[in-house]
1. I'm trying to understand the selection: among the residues of the stretch 128-144, which are surrounded by 22 or more Cβ atoms within 10 Å (Cβ to Cβ) and either within 19 Å of residue 234 (Cα to Cα) or touching a helix residue (DSSP H, G or I) at 6+ places or on another chain (Cβ under 6 Å) (or both)?
2. Can you name the residue in the stretch 428-447 that is surrounded by fewer than 12 Cβ atoms within 10 Å (Cβ to Cβ) and in a helix (DSSP H, G or I) and, of all such residues, is nearest to the chain's Cα centre (by Cα)?
3. Does the stretch 264-281 contain any residue that is surrounded by fewer than 21 Cβ atoms within 10 Å (Cβ to Cβ), modelled with pLDDT of 85 or more and part of a strand (DSSP E or B)?
4. So which residues in the stretch 265-288 are more than 12 Å from residue 124 (Cα to Cα) and under 30 Å from the mean Cα position of the chain (by Cα)?
5. In the stretch 68-76, is there at least one residue being surrounded by 10 or more Cβ atoms within 10 Å (Cβ to Cβ), part of a helix (DSSP H, G or I) and free of Cβ contacts under 8 Å to residues at least 24 places away in the same chain?
6. What about residue 55, is it surrounded by 10 or more Cβ atoms within 10 Å (Cβ to Cβ) and outside any helix (DSSP H, G or I)?
7. Of the residues 303, 324, which single one is modelled with pLDDT of 80 or more, in the same structural domain as residue 246 (by TED's automatic domain parsing) and not in a loop (DSSP other than H, G, I, E, B)?
8. Picking from 218, 191, 232, which residue would you name as being crowded, with 19+ Cβ neighbours inside 10 Å and touching a strand residue (DSSP E or B) at 6+ places or on another chain (Cβ under 7 Å)?
């Protein structure tokens, strides 16, 4: 319909134009007729493309507005973090009277009066209610939050694990190595610590499995563990964990905490945000945050005896356990007493056996499943000339090629009638007003 309108439009415009000339009384001559027809042909293409042009102008304006708004944003501050040479200080992270805000124009500061010293090799836990500024504190160490005042010093390389997993489209191995050279021994240790070996055994292609867009073919826990493995493989000095254990089940979270934070990273500086109270006793220092401030800090036992805000968090955890126990008909007194007596959950007997049995059962079930192909297949390409048989298949696909003669006839008639139309207009109109036209004006327009 679009093509039909494209070619009919000049004829329709010609009829309307010359018909109007006859009604008004303007004499039609060959020169005027041919000039008008040529003009209509020239205007045909621009008018046909006008809607697309208007749409393109609107899209261009939207794109330019986006680029303009991006370029008008404030530049990132390069002096937020003072990076100290490695080994020049016994403190990995030091914040003195730090005030930070995501929005510098806002009166409400994101973090206020932050004073913090983290020595090399320390495990620091950050806890608090939702929106208290825990994630923003880690972002400050990374240098992402604009600084209003104060001093922030960092000594050593950093590795960051976000709360929501970030996965690249590509092989699992490439996601873990992330540009580093393969060290098979370290690679295997990282896989063991992150409980990934069992998952890789389930996949037909192991760590060569291609991950789809945003990790579409992996579960949330698998994506999180791959992200943790990537951080572990980088061999950084300071590790920042933003509650990565919330995306996995309780057993796997405990295993990750024990093998990663207490195992592979035992000699590293680790700052981890957590809502799980059972992970707090293992920390050398606990920071309790509220409304963007560090309200309390100290060891687990000290805070348990003296900390008001900390007691609220522990009390809420106890209450949740008690409510869950009353619903399920299971007593939770053992778990509560574990918290009160500061018993390390990761030293529980039989923990490794439970984990091993769980993965062994998974392995038995998954071994029965049939291997599946890769999510992304390699593209195939052939080079060479297209043979006549390909064109012949196209020609004979519909009704064995019976419509081909009609198509050719229609195309020949189309061109003949286009030429005949112009010839008719030139023949039927006089050269000047003195010459008598061979036919009447009405006949001219009708034809």
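The values are calculated or read from the model by the stated rules, or taken from the named source; none is laboratory data. All values reported here derive from a predicted model rather than from experimental measurement. Cβ atoms come from the backbone with ideal geometry, glycine included; neighbour counts cover every protein chain shown.
1. 128, 138, 141
2. The selected residue is 446.
3. no
4. 265, 275, 276 - these are the residues of the stretch 265-288 that are more than 12 Å from residue 124 (Cα to Cα) and under 30 Å from the mean Cα position of the chain (by Cα).
5. Here is the first cut: in the stretch 68-76, the residues surrounded by 10 or more Cβ atoms within 10 Å (Cβ to Cβ) are none.
No, because not a single residue in the stretch 68-76 is surrounded by 10 or more Cβ atoms within 10 Å (Cβ to Cβ), part of a helix (DSSP H, G or I) and free of Cβ contacts under 8 Å to residues at least 24 places away in the same chain.
6. no
7. Working: 324 fails: modelled with pLDDT of 80 or more.
Testing whether each residue is modelled with pLDDT of 80 or more, in the same structural domain as residue 246 (by TED's automatic domain parsing) and not in a loop (DSSP other than H, G, I, E, B) leaves just 303.
8. Numbers: 191 fails: touching a strand residue (DSSP E or B) at 6+ places or on another chain (Cβ under 7 Å); 232 fails: touching a strand residue (DSSP E or B) at 6+ places or on another chain (Cβ under 7 Å).
After applying the criteria, what remains is 218.
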